[in-house]
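Just below is one structure, and these are the notes that go with it.
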Amino acid sequence: MRIALITDAWFPQINGVVTTLDHVRRELEDAGHTFLVIHPGLFRTIPCPKYREIRLSVLPGRKFRRLIREFGPQAVHIATEGPLGLAGRRYCRRRGLPFTSSYHTQFPLYLKKYFWVPRRFTYALMRWFHNSAVRTLVPTPSVRDELTARGFKSIRVWTRGVDTALFKPHGKGFFTDPRPIFLYAGRVAHEKNIEAFLCADLPGTKVVVGNGPAMTRLVREYPRVKFVGFKHGMDLARHVAAADVFVFPSKTDTFGIVMLEAMASGLPVAAYRVTGPIDVVKNGVSGVLDDDLAKAALGALELDPERCRDYALEFSWKRC
């Protein structure tokens, strides 16, 4: 089958959306399918407000239409709601072509936090976008239930996976800092609620892996925290595996693949009892969920790393 994947999130971005789309694309190509990925790198772009490393396509219409026409897809999946997603929706709607979409990001929460846009307006726009799809794929049952209650239609759960060959126990000798080591990996940004972790009263050492717009300020304000910057591949896997607990402070993620990567590495997860963690973490087995993040982190220290790894092995990219 010839599949057109339309996405505003693609390399060189590194995030859960890109990781998911790339792994699924590779799995399907191995199964004999052919892909056309329409992404911002094919067009003239401008930086996204607040996220300058994210590029937004400018006036992609003519080139977009040529690319998709020449490819002749038998299936179209629109992964994001940005300029390319809108171009894909418009193309399919005008030609009566069915398409699927996916809901990865809680834009109503982010736009409210950064630009004070009322959530009801953003949810209305998201409904308009996704309800034209024959199916909208969401990562967890809790996201499905939330969107269904807000009037979204034809929702299907599409889980995530983890590379258990890369993310596995690699030993604890990578860090020589005082233990226990509590580690966060992800975007260093306001919407990730990272300061809930940084100010938590915890023993040992706090480590932050990643980068983002809040990095400079947080390094200055939390001098006792070890900020190691962006890591990728085996370097990232060794950092994660060498910690004792993975702390996931976000209250706005729809899934959180980094939690699967941590559990596959033998790390229990400490997180809030919110959408994302409640579907990904098996409370009391692969992590601890609590409204008190420090309490969750200390409780996670008592869990069996092998059971965390065993739980993560249930999630494969092939299954996804």
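Can you tell me which residue in the stretch 126-149 is most open to solvent (accessible area, probe 1.4 Å), limited to those that are touching a residue at least 12 places away in the same chain (Cβ under 8 Å) and hydrophobic (A, V, I, L, M, F, W, C)?
The residue in question is V134.
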Test: residue in the stretch 97-109 that is over 17 Å from C48 (Cβ atoms), in contact (Cβ under 8 Å) with a residue 12 or more places away in the chain, open to solvent by 20 Å² or more (accessible area, probe 1.4 Å) and not in a loop (DSSP other than H, G, I, E, B): yes
Unmet requirement for S154, which otherwise passes all of (1) crowded, with 18+ Cβ neighbours inside 10 Å; (2) among the polar types (S, T, N, Q); (3) under 25 Å from D279 (Cα atoms): (1)
Residue ranges of strands (runs of 3 or more DSSP E) in the stretch 229-320 with at least 1 members within 16 Å of the chain's Cα centre (by Cα) and buried (at least 24 other Cβ atoms within 10 Å of the Cβ): 245-248, 269-271
Residue list for the stretch 166-222, restricted to those being within 12 Å of D244 (Cα to Cα) and not in a loop (DSSP other than H, G, I, E, B): I181, F182, L183, Y184, T205, K206, V207
Number of positions in the stretch 295-320 that are modelled with pLDDT of 95 or more, out of contact with any helix residue (DSSP H, G or I) (no Cβ under 8 Å at 6 or more places or on another chain) and basic (K, R): 2
Only one of L218, L183 that is farther than 24 Å from K282 by Cα, among the aliphatic types (A, V, I, L, M) and open to solvent by less than 10 Å² (accessible area, probe 1.4 Å): L218
Which numbered condition L5 misses (of (1) open to solvent by less than 30 Å² (accessible area, probe 1.4 Å); (2) part of a strand (DSSP E or B); (3) under 20 Å from G233 (Cα atoms)): (3)
All positions within the stretch 48-79 that are within 28 Å of Y114 (Cβ to Cβ), open to solvent by 40 Å² or more (accessible area, probe 1.4 Å) and not acidic (D, E): P49, K50, R52, I54, R55, L56, L59
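Suppose we keep only residues that are part of a loop (DSSP other than H, G, I, E, B) and among the small types (G, A, S) within the stretch 126-165. Which one would you say is nearest to A243 (Cα to Cα)?
That would be A165.
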Residue under evaluation V37, criteria (1) outside any strand (DSSP E or B); (2) under 24 Å from M1 (Cβ atoms), criterion not met: (1)
Qualifying residue in the stretch 162-174 (condition: touching a Ser or Thr at 6+ places or on another chain (Cβ under 8 Å), closer than 18 Å to T254 by Cβ and surrounded by 21 or more Cβ atoms within 10 Å (Cβ to Cβ)): yes
Residue list for the stretch 112-125, restricted to those being open to solvent by less than 50 Å² (accessible area, probe 1.4 Å) and assigned to a helix (DSSP H, G or I): Y114, T122, Y123, A124
Selected residue (only one of K206, K226 is among the basic types (K, R), open to solvent by 30 Å² or more (accessible area, probe 1.4 Å) and at negative phi): K226
Residue within the stretch 54-73 that is of a type in the set (K, R), in a strand (DSSP E or B) and free of Cβ contacts under 8 Å to residues at least 60 places away in the same chain present: yes
Check on L267, in contact with a Cys (Cβ under 8 Å, 6 or more places away or on another chain) and in contact (Cβ under 8 Å) with a residue 40 or more places away in the chain: yes
Subset of the stretch 8-31 [farther than 19 Å from T252 by Cβ, of a type outside the set (D, E), assigned to a helix (DSSP H, G or I) and open to solvent by 30 Å² or more (accessible area, probe 1.4 Å)]: H23, R25, R26, L28
T34 being of a type outside the set (A, V, I, L, M), open to solvent by 60 Å² or more (accessible area, probe 1.4 Å), in contact with a Lys or Arg (Cβ under 8 Å, 6 or more places away or on another chain) and touching a residue at least 24 places away in the same chain (Cβ under 8 Å): yes
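The values are calculated or read from the model by the stated rules, or taken from the named source; none is laboratory data. Just so it is clear, the model here is predicted, and its values are computed rather than measured. Positions of Cβ are backbone-derived with ideal geometry, glycine not excepted, and every protein chain shown enters the neighbour counts. Ligands, DNA and RNA are stripped out before the accessible areas are found, and what is left, the full protein with its side chains, is counted by its heavy atoms. Shrake-Rupley method; radii C 1.70, N 1.55, O 1.52, S 1.80 Å.
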